[in-house]
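What follows is a short report on a single structure.
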Amino acid sequence: MQRLSSHQLTRCSVFIVISVACQVSSGQEPTSPDTLDRPLRVLTANIWNYAEPYELRMKLLREQITALQPDVIGFQEAGWKPEEEHQVKQLLRGMNYFIEHESDGSDTKERRLLDVAVASRWPLKRKAFHSLPGSGKALAVEIAAPQPIGRLLFVSTFGTARWQFDRELQRERDAVALDSFVREISDPNGFPPIIAGDFDATPDSAGIRYLTGLQSLDGHSTHYYDAWKAAGNRGTGYTWTTQNHYAKKTTEQFWRRSDHHRRIDYIFLGSPHHFRGYARVVSTRVVLNQPVGKDWPSDHFGVLAEIATTPKGSEATGIDK
């Protein structure tokens, strides 16, 4: 296990070795090829725990995730019920993913609704969980990915009580703490870390501007690529919108607005200023946004990014916006 400094220990950012990774499989286990000859596919998805119509939503989520074929997934608002498998395990059963989650419910007899979780095509070696000061949380895992990636630090993050319009201070504090957490446990000589999550914040907010290097906060500055922008997208990329009637119910109840649209779900890629490994976002799109009738997979849309791991992979896409 990696030895960390006393300062790191006080921040509770210790990686825990995963002796047996949670796996959802139907027969053949996931394998790690020697090399990855295509872009890495990354998905972030807020799955709205057990909100109704639950069974139908899970069916839609499963179908659309299957079609997307992501390599790694960051889940938010994932749930657990006593005497049941974790929600993400049920969702991905038979799809050959290794899974790690914030809690398996062993610490409580009450159901959990707002956990973060991670799924990976490749084995998970270590994990670290960190509570952020503004109600956010971050689950980091080290993935044994194929070359040229090697060890991949992947983080799923979410905030439980910072979604209100007047809580930018909490979101700012979480952004600074998240960056500090990631930088402490990542390898500057390795592949850039990837952060996926629901940030409750629009691109022009201070917290997102901080993460993308456009302003400093609390005496600190940093830089990550916002995958949506890095791919050259010029559209709005809304992931929380009253186009989805599940979201519309919430905006009408809490904000008295029936016409509301924001981009608040993101995938961030570590900066070449901080990490030597090659990575380049070549495409990003909004996903999990296909309804069946009036039913949607969740109240949030997801985001899927493709990340080239070699210069050759970048050229092969033909994307250079």
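Among the numbered conditions (1) farther than 24 Å from Gly134 by Cα; (2) without any contact (Cβ under 8 Å) to a residue 24 or more places away in the chain, the only one that Ser216 does not meet is (1). Look at (1) of a type in the set (Ser, Thr, Tyr); (2) within 19 Å of Ser221 (Cβ to Cβ); (3) open to solvent by less than 20 Å² (accessible area, probe 1.4 Å) and you find that Ser156 fails only one, number (2).
This table checks each residue for (1) out of contact with any helix residue (DSSP H, G or I) (no Cβ under 9 Å at 6 or more places or on another chain); (2) modelled with pLDDT under 95; (3) open to solvent by 50 Å² or more (accessible area, probe 1.4 Å).
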position: Arg263; (1), (2), (3): no, no, no
position: Gly270; (1), (2), (3): no, no, no
position: His273; (1), (2), (3): yes, no, yes
position: Gly277; (1), (2), (3): yes, no, no
position: Ile307; (1), (2), (3): no, no, no
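For segment 54-96, the tally of residues that are assigned to a loop (DSSP other than H, G, I, E, B) and exposed (fewer than 13 other Cβ atoms within 10 Å of the Cβ) stands at 5. Taking (1) within 25 Å of Ala175 (Cβ to Cβ); (2) free of Cβ contacts under 8 Å to residues at least 12 places away in the same chain; (3) among the aliphatic types (A, V, I, L, M) in turn, Ala67 satisfies each apart from (1). Only residues in segment 295-313 that are within 18 Å of Tyr224 (Cβ to Cβ) count as the first member; pair them with residues that are open to solvent by less than 10 Å² (accessible area, probe 1.4 Å) and among the aromatic types (Phe, Trp, Tyr), Cβ under 7 angstrom, at least 6 apart or cross-chain, and list the lot. Partner pairs satisfying both residue conditions: Val303/Tyr266.
Per the listing Pro192, Pro203, the residue uniquely within 17 Å of the chain's Cα centre (by Cα), in contact (Cβ under 8 Å) with a residue 12 or more places away in the chain and open to solvent by 40 Å² or more (accessible area, probe 1.4 Å) is Pro203.
So that you can scan it fast, the table gives a plain yes or no per residue for (1) surrounded by fewer than 23 Cβ atoms within 10 Å (Cβ to Cβ); (2) over 20 Å from the mean Cα position of the chain (by Cα); (3) at pLDDT 95 or above:
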position: Gly213; (1), (2), (3): yes, no, yes
position: Ser221; (1), (2), (3): yes, yes, yes
position: Lys229; (1), (2), (3): yes, no, yes
position: Thr239; (1), (2), (3): no, no, yes
position: Gln243; (1), (2), (3): yes, yes, yes
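The values are calculated or read from the model by the stated rules, or taken from the named source; none is laboratory data. All figures in this text were calculated on a predicted structure; none of them were measured in a lab. Glycine gets a Cβ as well: all are built from the backbone with ideal geometry, and neighbour counts include every protein chain shown. Note: accessible area is taken over every heavy atom of the protein model, side chains too, but ligands, DNA and RNA are not part of it. Shrake-Rupley method; radii C 1.70, N 1.55, O 1.52, S 1.80 Å.
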